[in-house]
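What follows is a set of notes on a single structure, which appears directly below.
The values are calculated or read from the model by the stated rules, or taken from the named source; none is laboratory data. Since the model is a prediction, treat every value here as computed from it, not as a measurement. Don't worry about glycine lacking a Cβ; one is built from the backbone with ideal geometry, like all the others, and counts go over all protein chains shown. Heads up: the accessible areas ignore ligands, DNA and RNA and are worked out on the full protein's heavy atoms, side chains in. Shrake-Rupley method; radii C 1.70, N 1.55, O 1.52, S 1.80 Å.
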Amino acid sequence: MPERVWLHIAVMAAVTYAIRLIPFVLLRREIRQPHFRAFLRYVPYATLTAMTVPAAIVSAPDPLAGAAGLLVAGILAFFGVNLLLTAAAASLAVWLIG
């Protein structure tokens, strides 16, 4: 079994590299369509949100505490509070409610 671990790591590395390489190969010229450019501008934010929100809710001891921490972090981030203070306040909210 341990010898297959390296095969799995190699396959996942190849897949990850291919995912990053394909756009560079297919999109060599500058994208001029404004709708497509606007779509691509928001993809990182949507992807980050899709990964962060469920993880924040599920990783807390109680889903309500996770949602509260996420709400606190969202409000503080909206007002431009320091990242360290935002994370600390969100953690405190989860701890107090959970």
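Quick one: which of 87-94, 11-18, 73-80 comes out on top by average Cβ neighbours within 10 Å, and what's the full order, highest first?
Result, highest mean first: 87-94, 73-80, 11-18.
If you count, for each residue, the other Cβ atoms within 10 Å and average over each peptide, how do 47-55, 60-68 line up from highest to lowest?
60-68, 47-55
When the Karplus curve 6.51 cos²θ - 1.76 cosθ + 1.60 is applied with θ = phi - 60°, which whole-Hz ³J(HN,Hα) does each residue of segment 21-37 get, with x for Gly and Pro?
7, 4, x, 5, 6, 7, 10, 7, 8, 5, 7, 9, 5, x, 5, 5, 5
For the chain, what does the accessible surface come to per residue with a 1.4 Å probe? Please give it in Å².
Here the residues of the chain average 86 Å² of exposed surface.
Over segment 1-54, what lengths in whole Å, largest first, do the semi-axes of the equivalent ellipsoid take, defined as the square roots of 5 times the eigenvalues of the alpha-carbon gyration tensor?
Listed largest to smallest, the semi-axes of segment 1-54 are 31, 19, 4 Å.
Looking only at Cα atoms, what is the convex hull volume of the chain per residue, in Å³?
In the chain, the Cα hull volume divided by residue count equals 167 Å³.
Roughly to the nearest percent, how much of the accessible area of the chain is carbon and sulfur, given a 1.4 Å probe?
On the way: 6290 of 8430 Å².
Result for the chain: 75 percent of the exposed heavy-atom area is carbon or sulfur.
What's the extension gain from residue 81 to residue 49 if we count 0.36 nm per residue and subtract their Cα-Cα distance?
Going from the current span to full extension adds 9.7 nm.
Normalising by the residue count of the chain, find the relative contact order in percent from Cα pairs under 8 Å and 6+ residues apart.
Result for the chain is 20 percent.
Give a residue-ordered list of calculated ³J(HN,Hα) values for segment 88-94 (Karplus: 6.51 cos²θ - 1.76 cosθ + 1.60, θ = phi - 60°; whole Hz; x for Gly, Pro).
Using θ = phi - 60°, the values come out as 5, 5, 5, 5, 4, 4, 5 Hz.
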